[in-house]
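Here the structure is laid out as structure tokens; the discussion comes afterwards.
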Amino acid sequence: MRRVVWFLPGLVSLLGIVGFAGWKTRAVARELVDPPFYRPQPLARVEATYRELAEGQDGDPGGTWSSEEVEGLQLWRFTRPTPSPGVALLLHGFGDDRWGTSPALKWLPRLDAAIFTYRRRDDALRRGGPAPSVTFGVMESREVVRMVHHLEASGLPRRRILLLGRSLGASVGLLALAELEREGQGPLAGIIWEGAPASARSFAERLVRGPEDRWWHLLAPPIGAAAAFAAGHMGGYPPEETDLLRRLDGSRLHTPSLCFLAAQDRLAPPDVQRSVAAHFQTGRVIEVPTWHLHCAEALGPDYAGAIRTAVDTWFPLDTGRGPAGPRPIR
């Protein structure tokens, strides 16, 4: 009897830990495939934002919006009032869509822009139906490749296409870029990225850890691995295909890169960001002592300044020569 009494507290504790791990695994897996904090904006608000961006302000010249269907996706294009040397394809992050990312075009006043929502999740949710799962870059990066191919087919050389992504948008862009360069058709004009999660497993583990260290974080690695596996099963994708370092292994990327590296980031490990940046033949890394997605706030005007310096390098002001091509586009 005494042995049972002595053993009982340990058994209760073990069952509590197992129960917590199971609950947390399910919660994180669901968050990976269907971000609970994402709510698509009403179309009226989206249209109002697009009108404001079209009007331009604070040195931004504005432009004209148009849209087209591309293999079941809706691609929005933003054309500047004067000829542009290229197009920036804006890639949204985790729990976001084309509306949330559209203001980024103000950082690129010389370029036209293009934007879309991965898997058309915003439209599906507005209709009240089930939305396609987030696949943490696997399916999303394939859609980016298709969009680049579409822009090329419309007469725009890939050397005049720039990718810009933050958070999961950065991972999506990097995965797409690796695939595009494997085609052997040459580099893109450039890629600007910030806070790319290392993989679904890494991101899941860091969701468990949260904003500060606690004693029970020794459970984070197994819970993260289990959650990533479960999310892959729910979303129909192999979790290992979300691993940036695995997908870039052996690659030497010729597209020039600008990386904003948040040195205090707990969701996108700084050491992984440095390792990814090392795969670029030409690139600049700006380390900022801040957290995930706060580089623009921390740097202030220098953030947009760094982007414009990169754009001026990749798209020379004299568009008659250099990598921007022989003629400006409309």
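The values are calculated or read from the model by the stated rules, or taken from the named source; none is laboratory data. Keep in mind the model is a prediction, meaning the values are calculated, not measured. Positions of Cβ are generated from backbone atoms using ideal geometry, with glycine treated the same way; all protein chains shown enter the neighbour counts.
When Thr309, Thr319 are screened for being over 20 Å from the mean Cα position of the chain (by Cα), surrounded by 12 or more Cβ atoms within 10 Å (Cβ to Cβ), over 22 Å from Leu175 (Cα atoms) and modelled with pLDDT of 95 or more, only Thr309 passes.
Which of the helices (runs of 4 or more DSSP H) found entirely inside the stretch 161-276 contain at least 3 residues meeting this: at pLDDT 95 or above and crowded, with 23+ Cβ neighbours inside 10 Å?
Here the list reads 168-182, 200-209, 220-235.
Note on the stretch 97-127: residues that are in a helix (DSSP H, G or I) and on the phi < 0 side of the Ramachandran plot total 17.
Among the numbered conditions (1) more than 19 Å from Val134 (Cα to Cα); (2) surrounded by 12 or more Cβ atoms within 10 Å (Cβ to Cβ); (3) of a type in the set (Val, Ile, Thr), the only one that Thr25 does not meet is (1).
Which residue pairs have Cβ atoms closer than 8 Å, lie 6 or more positions apart in sequence or on different chains, and pair a first residue in the stretch 283-305 that is free of Cβ contacts under 8 Å to residues at least 24 places away in the same chain with a second residue that is surrounded by 15 or more Cβ atoms within 10 Å (Cβ to Cβ) and among the polar types (S, T, N, Q)? Short answer, once both residue conditions are applied: Glu297/Thr290; Ala298/Thr290. For the stretch 36-81, residues that are within 18 Å of Val311 (Cα to Cα) and either outside any loop (DSSP other than H, G, I, E, B) or modelled with pLDDT under 95 (or both) total 4.
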